[in-house]
Each structure stands twice: as C-alpha cells, then as structure tokens.
1. I'd like the full set of residues that are modelled with pLDDT under 95, more than 25 Å from V397 (Cβ to Cβ) and either part of a loop (DSSP other than H, G, I, E, B) or touching a strand residue (DSSP E or B) at 6+ places or on another chain (Cβ under 6 Å) (or both), limited to the stretch 220-240.
2. For a quick check of your reading of the model, give me the residue pairs whose first member lies in the stretch 192-204 and is free of Cβ contacts under 8 Å to residues at least 12 places away in the same chain and closer than 11 Å to I178 by Cβ, whose second is acidic (D, E) and open to solvent by 60 Å² or more (accessible area, probe 1.4 Å), with beta-carbon atoms closer than 8 Å and at least 6 apart or on different chains.
3. Could you go through the stretch 329-348 and let me know if any residue there is open to solvent by 30 Å² or more (accessible area, probe 1.4 Å), free of Cβ contacts under 8 Å to residues at least 24 places away in the same chain, in contact with a strand residue (DSSP E or B) (Cβ under 8 Å, 6 or more places away or on another chain) and more than 23 Å from T81 (Cβ to Cβ).
4. From A82, A88, A39, A59, which residue is among the hydrophobic types (A, V, I, L, M, F, W, C) and closer than 30 Å to P204 by Cβ?
5. Can you name the number of the only condition in (1) under 23 Å from the mean Cα position of the chain (by Cα); (2) under 21 Å from F261 (Cα atoms) that A375 fails?
6. Which of the residues belonging to the stretch 258-285 are open to solvent by 10 Å² or more (accessible area, probe 1.4 Å), touching a Gly at 6+ places or on another chain (Cβ under 9 Å) and β-branched (V, I, T)?
7. Say we look at the stretch 241-257 and pick out the residues that are within 17 Å of L221 (Cβ to Cβ), in contact (Cβ under 8 Å) with a residue 40 or more places away in the chain and not in a helix (DSSP H, G or I); which of these is most open to solvent (accessible area, probe 1.4 Å)?
8. Within the stretch 293-328, can you find the residues that are without any contact (Cβ under 8 Å) to a residue 60 or more places away in the chain, closer than 21 Å to W374 by Cα, surrounded by fewer than 24 Cβ atoms within 10 Å (Cβ to Cβ) and not small (G, A, S)?
Amino acid sequence: MTGRPDGHGARDAPLRGRRFYFVGIGGSGLSAYANIARAWGAEVRGWDARETIFLGTVADVELDIGGEPRPPDGWEVVVSTAHTQRAAGMPRAAFLAELVAAHPSIVVTGAHGKTTTCGMIAFALRETGHDPSWVIGGVVPQLGGNAGAGTGWLVLEGDESDRSVLALRPEIAVVTNIELDHHAAYASEAELRESLEGWLEGVPAVVRSWELEPWAGPLLLSGAHNRSNAAAALAALELAGVDPIAATSALGRFTGVDRRFQLVGERGGVTVYDDYGHNPTELRVTLATAKERTRGRLIAVYQPHVYERTRQLALELADALDTADMAVVTDVIGARDAPRDGVSGRWVLDRLSPRTRAGWAPTLDDATALVLAWARPGDVVVTLGVGEPWKAARAIVEGLPG
C-alpha cells in the first residue's frame with residue numbers, strides 16, 4: 001500500500017443534458033453504467049437481446065428487448081464488449097474512462113474479488129458519511145442496486161479482461177490478485193502482471209491485496225478469500241481518509257453481493273446456492289465453502305463461459321469441480337468469442353476424475369432436470385457461472401418436493 005491522496009468533491013450532475021443509448025444494457029457492467037449516467041443527469045435508454053437478471057435495476061428505463069438495437073437519432077451510443085458487431089458507438093471502456101475522469105475515483109481490479117471488494121468499499125464509505133458514487137458489476141442489496149451517485153469518491157471495477165482498466169486514471173487503485181483468466185487478451189500471466197504494474201505506476205495510491213494480512217475482525221461473509229477482500233477494502237478506505245474504527249465497524253455489517261455464494265432457497269432438505277464464479281480458482285473457493293455446509297452430498301452445476309477459457313483451462317476447471325461429489329456441466333455460453341471447433345462443455349466434463357459423478361446437460365433446463373433427479377435431503381446444490389445459472393437455481397428450488 002503506497003501513497004495517500006486527498007479526497008475531494010465532484011461536479012454536480014456532470015452528464016446533464018446528454019442522452020445515452022446502451023447496447024447490452026442487461027449486462028452487469030452496462031446496467032451499472034446506465035444507472036450512474038442517469039444519476040449524473042443524463043437521459044438513458046437501452047437494448048438487450050433478452051431478459052437478464054440486471055434489467056431489474058433499470059426497470060423504469062425505456063428498453064428495446066430482442067431483435068436489433070434501435071438507437072434514436074441524435075443519441076450517443078455506448079456498446080458493450082459482447083455486442084460490438086450489432087451497433088456502432090462508444091466502447092464501454094471509453095465511457096468508463098469518462099466517468100473516472102469526472103470524479104475522484106477508487107478503481108478495483110484483479111481476477112477475483114473485484115465486485116465484493118468494491119461493494120465493501122462503497123458500503124463503508126456510505127455508512128461513514130462520505131456519500132460515495134459507485135458502479136459495481138453486481139447487485140448490492142444494502143446499497144439498493146449496482147450503481148448510485150453521491151458527492152464523494154466514485155468506487156468502481158476496472159476490467160483487466162479487455163485491458164480497459166489500463167485507460168483509467170484513478171486516485172486510488174486496488175489489485176485483489178493477478179491470475180491469467182483471459183487468454184485471448186494476454187499471452188501469459190507475466191504479460192498481465194507487466195501490464196498492470198505499468199498502469200499502477202501512474203496511480204497516486206496503490207493497494208496490493210497479497211501484501212496485506214487477511215482481515216481477522218468481525219465479518220459476515222464466509223471464506224478466507226473474503227477476509228483478503230476485506231483487508232484490501234480497509235486499506236483503500238484508510239487511503240480515502242476514512243476513520244479506521246468506523247471503517248471496520250461498517251465492514252462488519254456488510255452482507256455481500258448477489259450471486260456471490262447467495263442462498264437461493266431450501267426445500268425438502270436440499271439447500272441451493274448460486275455463485276458468479278466461473279474460473280478454476282473461483283469454483284474451487286466457492287465449492288470448498290459449500291463443502292463445509294454440506295451434511296449430505298455437494299452437487300455443482302457449472303455453465304462454462306467463453307470458448308477460449310474453456311479450451312485453455314478445461315483440466316483446471318474439472319479439477320476444481322472435483323471438489324463436489326457430483327458435477328453437472330452445460331454447454332459453453334459464448335459472448336466474447338466465437339465458437340471453436342470441438343470445444344464444448346464436454347471438454348470439462350470428460351476431464352472430471354472417476355470419483356465425481358458426472359452429468360452432461362447441454363442446457364440449463366437439462367441441468368435443472370438432472371439435479372432434481374439426483375438431489376436428496378441433506379444435499380447442497382451450487383450453480384456456478386457468468387451467464388444465467390441463477391435461473392437454474394431458482395427452478396431447482398421450485399421443483400424440489402416440499
């Protein structure tokens with residue numbers, strides 16, 4: 001942890017008078033950007049290909065669902081990474097850089113823990129009277145959503161997956177960890193590390209999570225990884241000028257982010273959780289946490305995301321899923337890259353060890369049916385993945401015998 005900048009206020013409604021049409025507004029990132037844009041005075045509309053869990057955060061925005069984007073004449077278009085072929089406009093990375101330039105900012109990046117750490121920082125800033133703005137890639141119930149506007153620090157995630165974090169110029173940067181997770185963007189972990197360290201040279205104050213001792217104080221969230229997230233959050237809060245005692249008190253009340261080991265329900269003696277985890281480390285940590293709560297068997301449902309990750313990390317993904325007693329794998333959901341010959345969810349499934357009962361389910365509906373056939377009282381089910389495994393989690397709870 002280095003440096004200590006002075007926090008300062010921001011201009012009121014810096015986007016007043018502008019009109020934005022967000023292509024991919026149902027994603028975790030663009031839904032948050034849309035919310036902060038309208039909170040800062042802009043008029044907002046948007047499009048997405050289908051209903052998503054994040055559309056609830058923009059329920060009162062005029063939306064186009066399905067078909068192709070239909071931006072009104074004269075509106076600025078912001079396009080998500082997943083839909084660059086559907087419309088011309090400003091890349092989401094450029095829009096995010098504009099937000100950071102308009103506010104004193106704390107940017108959190110890393111392979112794991114970005115959303116939770118951002119949520120911790122934003123919640124503690126608000127609880128201690130610092131009136132933050134935040135743009136978070138997940139819904140934080142205690143904050144009322146995934147974005148909000150205040151007069152203090154702007155807290156947001158910086159995405160290393162497409163190198164967009166490198167264009168951001170915050171006052172404080174937090175790096176939770178460095179691990180190669182996006183093989184299409186970086187040739188090696190060494191290249192990723194070099195890129196991030198080069199970016200950090202231009203940031204006045206830096207927190208590197210691995211340089212800190214995990215937080216040992218009161219914390220409502222389970223898992224050693226969340227104690228590391230808490231330590232990083234507290235270090236950033238200190239740099240932002242928050243009283244340490246007040247910060248630790250606030251952090252002890254933080255209840256987490258949706259889709260981060262979120263309890264979906266319990267029925268017929270079966271407990272169902274949902275988690276955003278999608279790479280080997282995240283799967284392993286989440287399933288280890290779930291294993292501690294299992295009286296019976298642990299059943300994992302995994303929807304692979306991105307063909308190149310699935311091709312490169314099939315063995316590591318399977319090894320992580322082997323933490324479970326039973327693993328159901330669906331086909332790949334690809335938004336960032338095109339299908340590759342022969343690459344499917346079976347690349348992961350076929351690499352499971354013999355000790356793990358394997359189930360192939362091409363779709364989430366198939367996965368739901370298979371889990372309902374397998375589950376019995378005492379079991380814990382965890383759905384995992386970037387896409388919409390949460391739908392399977394809800395369907396499993398609904399389908400279990402009462």
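1. none
2. Going by the 8 Å Cβ cut-off, there are no qualifying pairs.
3. The first filter runs over the stretch 329-348 and keeps only residues open to solvent by 30 Å² or more (accessible area, probe 1.4 Å), leaving 331, 333-342, 346-347.
Of the ones still in play, those that are also free of Cβ contacts under 8 Å to residues at least 24 places away in the same chain are 341-342, 346.
If we keep only those that are in contact with a strand residue (DSSP E or B) (Cβ under 8 Å, 6 or more places away or on another chain) too, we end up with 346.
Those left that are additionally more than 23 Å from T81 (Cβ to Cβ): 346.
The answer is yes; a qualifying residue exists.
4. Details: A82 fails: closer than 30 Å to P204 by Cβ; A88 fails: closer than 30 Å to P204 by Cβ; A59 fails: closer than 30 Å to P204 by Cβ.
Residue meeting the stated conditions: A39.
5. (1)
6. If the condition is that a residue be open to solvent by 10 Å² or more (accessible area, probe 1.4 Å), touching a Gly at 6+ places or on another chain (Cβ under 9 Å) and β-branched (V, I, T), then T271, V285 are the ones that fit.
7. R253
8. D322, T323, D325, M326
The values are calculated or read from the model by the stated rules, or taken from the named source; none is laboratory data. These figures come from a predicted structure and were not determined experimentally. A quick note on method: Cβ atoms are made from the backbone with ideal geometry, for glycine too, and the neighbour counts reach across all protein chains shown. With ligands, DNA and RNA removed, areas are computed over all heavy atoms of the protein, side chains included. Shrake-Rupley method; radii C 1.70, N 1.55, O 1.52, S 1.80 Å.
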